[in-house]
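Input: a single structure, listed below in structure tokens.
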Amino acid sequence: MLTTALLVTVMVNGESVQRFVEPRLSLADFLRRDLGLTGTHLGCEMGACGACLVSLNGSAVHSCLMLAVQADGLSVDTIEGLAESGFISDLQTAFHERNAMQCGFCTSGMLIAARECLAHGGVPSREEIRDALSGNYCRCTGYQSIVDAIETVAIARAEKEVGGPV
Amino acid sequence: MKCRGFRYCRVLTVEEAVESFVSCEGEARFLAGGQSLLPALNLRLSAPDLLIDISRVEGLRGITLEGSDLRIGALTRHVEVLHSPLVAEYAPLLARAARFVAHPAIRNLGTFGGSLALADPASEFPACVLALNAQIEIAGLSGRRRVAADDYFLGLYETALEPGEILTAVYIPAGRTWQRVCFDELSRRRGDYALAGLAAQATFRDGGEVLTALRLVFCALGSKPMRAQAAEAALLNTKVDAVAIEAAQHALSQDLSPDEAEDLSSAARLHLARVLLGRVAHALREGAC
Amino acid sequence: MSNASDIPFAKTTKYIGAALPRATAKRFLFGRGRYTDDIEVPRMLSAAFLRCPYAHARILAIDTTNARKFPGVHSILTGVDLARICRPWVGTLTHFAGMKSAPQLPLAMEKAVWSGHPIAIVIAETRAQAEDALEAIQVEFVELPAVVDALDGLNEHSALINEAAGDNLIYATQIEAGTIAQAFEDAEIVEADFIFGRHTAVTMEPRSILANFDPSTGRLDVHQSTQTPYQFQDVYARHFNLSEANVRVVAPDVGGSFGMKLHVYHEDMAVVGASIISGRPVKFTADRMESFASDIHARDHRVRARLAVSSEGILRGFDVDDVTGVGPFSTYPRTSVVEGNQVVRLIGAAYRVTDYRAALRVVAQNKNQMSQYRAVGHPVAFAVTEYLVDLAARKVGLDPFEIRRRNYLTQDMYPHTTATGYQIERLSLEICLEKLHEVMDYAAIVAEQERLRRTGVYRGIGIATYVEITNPSPAFYGVGGGHVSAQDGCILKVTQSGEIQCMISVTEQGQGTEAIIAQIVAEAVGTDIATVRVFTGDTDMTPAGGAAWACRGAGVGGETALQAGKKLKKRIVEVAGAILHCPAHHLTLVDGRIVDAQQHTRMTLRELAHLSYFRSDLLPAGRPAELTVAHHHGPSGFPFAFTNGIHGSLVEVDVETGIVKILKHWVVEDCGTVINPLLVEEQIRGGVVQGLGAALFEECRYSASGQLLNGSMADYLVPMACEMPDIEVYHVETPTRDTELGAKGCGEAGTAASSAAALNAVNNALSVFGASITQIPMTPERILRAIGAVG
Ligand SMILES: Cc1cc2nc3c(=O)[nH]c(=O)nc-3n(C[C@H](O)[C@H](O)[C@H](O)COP(=O)(O)OP(=O)(O)OC[C@H]3O[C@@H](n4cnc5c(N)ncnc54)[C@H](O)[C@@H]3O)c2cc1C
Ligand code: FES
Ligand code: FES
């Protein structure tokens, strides 16, 4: 069915972008294909793997379960934007040091889920961290290294808050 | 796995939404959180001609106390149900159940109204709404009406919503201090749709010992949220002791006859429902929810 | 004074053995990985496939007239179009005597043989448009009776998948060693029937290929999510009749492979063919539904096995029958019989058993193809072995640790040849066993288990040994005519500023291959690891080699890099000697500095490179500085390197619901020289989780008519973070003496026995009910049935 393209304006990684998009275009394909932001991955296109997570107005959502037209007027941050802004540099460092990624395909989604998990401050338990990752599939790592990395950052951030070891 | 083509419009009022629906020549669908609709579109299981995006309709948001009812707007996100202080105080069953609904990112977009409009028999909220004896508010061409939860869930993905009608809000009788609620479910993995789930609301009298009112509603055990009235009867006016629980578990075969599904036989599903009933009944008695 | 370059690497500890993070992995943390689907090239088209909806069907007619008119459609090709340019492939190897398998073409011709078999390819401007057109293709089918169950397939009245073969038996073999009848005489006998479900790789990145044929030059450029680019260079050249030198295959970042991405798939061949026919770049990325329907599946065995044991707990003999269903044909180019072959050859490998009989039947079915996936055959072999060993222990009243102690191969027995003919250089079974006993705190968890049992909590403890095949020589495939390289090649070049570029044929899918190669090269050359850059996965750039399979990256690739590094070091000191007028054997390289016997820095590698490249006039006449070396290495000595180790698993079974919670998992492993413990441990953990997935969750379920029932990420249960335990990993090091490096492999050890350990743990928990389970995955229903809670 021929459907006319619509004009959307989306704030992507802090920059306003305007494009004509087909209504059926998913936000994920919009980011990947139209904007070349290929750090957002597709693993299932049905909300089950978490590879496609982006941050929408500050909370983690599946870009495979959203249309580009739905993002009109909203603000989307992808892994590229979050990484370049420096907001998650402690998470990136901890993931790297702990080797919390192998093939890297789940990594963007993991970082975005991790960021949300730690957004409210405090030091979540390992169970809580695992719970926050419950929608993020990783075939390579077995998860433990990812949990370790997030836990390390949570503790470090808490220590920084308090101004000394807790 | 890409959607078929469709047209898209975004509406800002309920009236506009209904208008667009009625004037659409082909098949129209409302789009709320999209967390069930988008997978279906991606899989080409569903192929509407027009998507009417209602997600920015102001009047459908918000959780408020209205008289003796808690009003939850249809567009309330699962995550808001999970964290709302009003829900925690007046409808704690929902807050408890929300933890079992999907994963964090889906809870960030999925809506309470969407869950009830879709009426997936495995979903948690439909069972809760039925257990809480809520009223569902529906808007259509001819204005608004309210339907009791008892009359709302009709069958597999089938509700009292007529084509073009919008679920606008849910009214839940605010919980009383003497009421006890419990939600529990069994699933293979965290966040999966349940193998068996149970929402319960109970009233105990006589110093909190004798059960005098009870609604038990199962999810994932039939074509819709399943009220278990035979089991309720077996527990009513008892102290919910071991004998009563066993009788209720036994009676459950009158309430439920689940089909074989996934890799579970109907016998195993009924067995799991009984186990869950035992656990929930125990928790209700102990007030340990 | 000793020459520093003669000091064996093992005594220097700078890089080999260091837990260094992977430098090249950083880009993933910035969203800068580059996977095949990320690549866009001008004039690129997207492909989608029409697939057979039936498990077995005759194709009478295909009508694409309407579909061709859809917007964006470039062309639609069917089987006949591609058969014109593609030579069929046959998944047999000659060392599997008598094996038969039907020739394959990119798209089904007269008959489709599994539900998902591609029938037509649409290429269009976008994937969405290609999918639109698929819906308008009309196919006339006649559904045929399907062979679904492997045993039914052997029935003489069964439908035939490959009519020309006359039956559905792809391959059969028997092994007899010693005197099995005697072994079972007067012995205690334990036996069981096992069912191992089908599961699949579910790599996070689906299969993806971008083929770009340039008709003006005959050049084919393929970017593909694969672990074996050279193999595909060979396949595309041979089957499409192209000059091999004109075929380039690049594996960019690969989002997991686990053996799944080294088989030839119909879609890949069709995409290459479509690019050749259209003269346009064509990309195909499987969506997840297509992955489940077409990525190889794994396992699918029914095993009946018996074990004879003396009353003192001495194992006397195994008797095994394995029937495995492998889908409609044998996979190319490695065959689908290796899995079964390893099952019947690995059973009992860790034990002193000389009496052995096994029979294997490999059967065709109308299901997706089954073939090599992480730990090929091992999980089945060790679940059977270790379950029976536990059963034997119970029968004769021994603790699981004790019976293993009494029966393991011991240090005085090496080299050892197993009953099935495997030659084993040296293992460390008894050392690993005692280490596991200690780290599990076995006595304490047993006491805790007993205490909890009295409160109605049912915990189970299970252990399982593995012996794993790594570093294979051509004995695996080459001897059977397979174009599968067992050797690797490495080029090292010193850059103009004295850094090192390493081009090596082993490949990276996240294991850390590039990281360990950099560590080895830096160590061997004697330079700073920050100046070493490793390149893999491009057939235009690196020498030809086997790439990633059978845990050979560290053992074979690592040795190749080590020897190349030593060669380069020798070259460097020769050049330095000529420049410095000093005998080369008085010089060595330390951290990128050329030092003499007194440890004085004479010049830096940077200075040497500068002179070599920009002032070659200053070098002695006739002695150009050849600062590029190449080295190839193929395994010699033992046909395979065997690793070993042991898993421990602690589970809690909810006996009311049948739901199992894994509380903790331990692995003591011996992969020889550990090049980077951080990476070895992560390989083990990831592998363990794949095995635990198989033990409890993962299963490709088929209907009686051969339809895959749960082919989506929502329905096929992969292990997720909440369900997986923390996993403790310990190392024992028994380097192989076949190489200087001494590394074996570790990629499959985690998967090899974790499901067996979980199986034993669940059975340990169920033993108080007199119940047992011998089928994986151990679903709630199966556990409830085992204990009789559901009739
Ligand atoms: C991987 C995954 C796991 C999930 N797990 C669970 C789970 O465990 N439990 C669970 O309950 N849910 C689960 N969900 C579903 C999720 O909760 C959905 O958000 C919810 O079912 C639908 O809400 P929505 O707002 O996203 O609706 P949409 O997807 O937007 O719409 C769903 C349907 O309802 C209609 N609709 C929506 N809103 C209205 C309205 N106000 N009036 C009339 N019609 C309306 C739409 O037209 C559509 O037909 C899961 C989803 C995914 C992708
Ligand atoms: S691609 Fe969006 S959740 Fe898998
Ligand atoms: S690192 Fe490969 S999927 Fe997570």
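The values are calculated or read from the model by the stated rules, or taken from the named source; none is laboratory data. It should be emphasised that the depicted structure is a prediction, and the values quoted were computed from it without experimental measurement. Note: ideal-geometry Cβ built from the backbone for every residue, glycine included; neighbour counts use all protein chains shown. In case anyone asks, the SASA skips ligands and DNA or RNA and just uses the protein heavy atoms, side chains included. Shrake-Rupley method; radii C 1.70, N 1.55, O 1.52, S 1.80 Å.
I'd like the trypsin sites (Lys or Arg not before Pro) in region C:541-640 restricted to DSSP loop residues with at most 13 other Cβ atoms within 10 Å, sorted by number.
On the way: sites: C:Arg552, C:Lys566, C:Lys567, C:Lys569, C:Lys570, C:Arg571, C:Arg593, C:Arg602, C:Arg606, C:Arg615; in loops: C:Arg552, C:Arg615.
Loop-located and lightly packed - C:Arg615.
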Positive minus negative residues near C:Ala211 (Lys, Arg vs Asp, Glu; Cβ under 9 Å): -1
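Could you work out the relative contact order of chain C, using alpha carbon pairs under 8 angstrom and six or more residues apart, expressed as a whole percent? Before the final figure, lay out each step's value.
Values: 1981 pairs, mean separation 122.4, N = 791.
15 percent.
Between C:Val590 and C:Lys493, what FRET efficiency follows from the Cβ-Cβ distance if R0 is 30 Å, with the result rounded to 0.05? Write out the running numbers ahead of the final one.
On the way: r = 20 Å, r/R0 = 0.68.
For R0 = 30 Å, the calculated efficiency reads 0.90.
Apply the a/c threshold of 1.5 to the C-alpha gyration tensor of chain C and tell me whether it is rounded, prolate or oblate. Provide the component values of the computation, followed by the final result.
Values: a/c = 1.90, a/b = 1.11, b/c = 1.72.
It is oblate, given that a/c is not under 1.5 and a/b is not larger than b/c.
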Most fluctuating of B:Glu260, B:Glu232, B:Glu137 in the GNM of chain B (C-alpha, under 10 Å) is B:Glu260
With a 1.4 Å probe on protein heavy atoms only, tell me which residues of region C:191-206 lose at least 50 Å² of accessible surface in the complex relative to the chain by itself. C:Met204
J(HN,Hα) series, region C:708-724, from Karplus relation 6.51 cos²θ - 1.76 cosθ + 1.60, nearest Hz, glycine and proline x: 6, 8, 10, x, 8, 5, 7, 9, 8, 8, 8, x, 10, 4, 5, 8, 9
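Compute the Cα gyration tensor for region C:1-132, then decide on rounded, prolate or oblate, letting a ≥ b ≥ c be the square roots of its eigenvalues: rounded whenever a/c is under 1.5, prolate when a/b is larger than b/c in the other cases, and oblate in all that remain.
On the way: a/c = 3.69, a/b = 1.77, b/c = 2.09.
Oblate shape, in that a/c is at least 1.5 and b/c is the bigger or equal ratio.
Counting each DSSP H run of 4 or more residues in chain A as -39500 (n - 2.57), what helix-only mean residue ellipticity at 222 nm follows after dividing by all residues, to the nearest 500 deg cm²/dmol?
Numbers: 5 runs with 53 residues, N = 166.
Taken over chain A, the calculation gives -9500 deg cm²/dmol.
Whole number please: convex hull volume per residue, Cα atoms of region B:7-53, in Å³. List each step's numbers first, then the result.
Numbers: hull volume 2.9 nm³, N = 47.
Convex hull of Cα atoms, per residue: 62 Å³.
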Which of these, A:Asp29, A:Asp131, A:Asp77, has the largest mean-square fluctuation under a Gaussian network model of chain A (Cα springs below 10 Å)? A:Asp131
Would you kindly derive the ³J(HN,Hα) couplings of region B:280-285 from the backbone phi angles with the Karplus curve 6.51 cos²θ - 1.76 cosθ + 1.60 (θ = phi - 60°), listing them in order in whole Hz, with x for Gly and Pro? 5, 4, 4, 5, 4, 4
HN-Hα J in Hz across region B:197-211 - Karplus 6.51, -1.76, 1.60, θ = phi - 60°, x for Gly and Pro: x, 9, 10, 9, 10, 9, 10, 10, 10, 6, x, x, 9, 9, 7
The rounded separation in angstrom of the Cα centers of region A:109-164 and region C:441-461 is 31 Å
Can you pull the three principal axis extents for the Cα set of the protein assembly as shown, in Å, largest first? 99, 78, 76
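Taking each residue in B:3-15, count the Cβ atoms of any other chain within 10 Å of its Cβ, then average. What number comes out?
Rounded to a whole number, the mean comes out at 5.
Just tell me how shielded B:97-107 is by partners: mean number of partner chain Cβ atoms within 10 Å of each residue's Cβ, no decimals. Intermediate results must be reported in sequence, preceding the final value.
Numbers: counts 0, 0, 1, 0, 0, 4, 13, 14, 21, 8, 4.
Average neighbour count from other chains, rounded to a whole number: 6.
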Can you pull the three principal axis extents for the Cα set of chain B, in Å, largest first? 59, 46, 32
Give the accessible surface of region B:179-286 per residue, rounded to a whole number of Å², with probe radius 1.4 Å and ligands, DNA and RNA excluded. 39 Å²
What are the residues whose amide H is under 5 Å from the amide H of C:Tyr702, where those residues sit 5 or more places off or on another chain and H is modelled from the backbone? C:Leu709
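Put C:Ile491, C:Ile504 in order of accessible area, largest first, 1.4 Å probe: what do you get?
Values: C:Ile491 45, C:Ile504 0 Å².
Of C:Ile491, C:Ile504, the descending order of accessible area is C:Ile491, C:Ile504.
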Please report the accessible area of C:Asp193 (heavy atoms, 1.4 Å probe, ligands and nucleic acids excluded) in Å², nearest 10. 80 Å²
How well do other chains shield peptide C:31-41, expressed as the mean number of their Cβ atoms within 10 Å of each residue Cβ? 5
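Give me the accessible area buried between chains C and B, both sides summed, with a 1.4 Å probe, in Å² rounded to the nearest 100.
Numbers: alone 28950 and 13450 Å², together 40190 Å².
Heavy-atom accessible area buried at this interface is about 2200 Å².
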Rounded to the nearest 20 debye, dipole of region B:58-173 from Cβ charges on Lys, Arg, Asp, Glu: 300 debye
Could you pull out every residue, at least 5 positions away or on a different chain, whose amide H is within less than 5 Å of the one on C:Tyr730? Hs are placed 1.01 Å off N in the peptide plane, and Pro or chain starts have none. C:Val667, C:Val668, C:Glu669
Total accessible surface hidden between A and C, rounded to 100 Å², 1.4 Å probe: 4200 Å²
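Give me the percent of accessible area attributable to carbon and sulfur for region C:211-285, probe 1.4 angstrom. List each step's numbers first, then the result.
Numbers: 790 of 1710 Å².
Result for region C:211-285: 46 percent of the exposed heavy-atom area is carbon or sulfur.
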Comparing B:Leu256, B:Leu37, B:Leu264 in a Gaussian network model of chain B (Cα, 10 Å), the one with the largest mean-square fluctuation is B:Leu264
Heavy-atom surface of region B:125-170, accessible at 1.4 Å and reported per residue (Å²): 39 Å²
Cα-based Rg of region C:135-276 normalised by 2.2 N^0.38 Å, two decimals: 1.57
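Which helices, counted as full DSSP H runs in chain C, have an axial Cα extent of no less than 30 Å and a Kyte-Doolittle average of 0.0 or above? Numbers along the way, then the final one.
Details: long enough: C:558-580 (32 Å, 0.15).
Correct list, ordered by number: C:558-580.
Per residue of chain B, what 222 nm ellipticity follows from adding -39500 (n - 2.57) for every DSSP H run with n ≥ 4, rounded to the nearest 500?
Details: 12 runs with 102 residues, N = 289.
Calculated mean residue ellipticity at 222 nm is -9500 deg cm²/dmol.
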Could you work out the helix-only [θ] at 222 nm for chain C, with each DSSP H run of four or more residues adding -39,500 (n - 2.57) and the total divided by the number of residues, to the nearest 500 deg cm²/dmol? -8000 deg cm²/dmol
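Roughly to the nearest percent, how much of the accessible area of chain B is carbon and sulfur, given a 1.4 Å probe? Mind showing how you got there, number by number?
Numbers: 5490 of 11150 Å².
Whole-percent figure for carbon plus sulfur exposure: 49.
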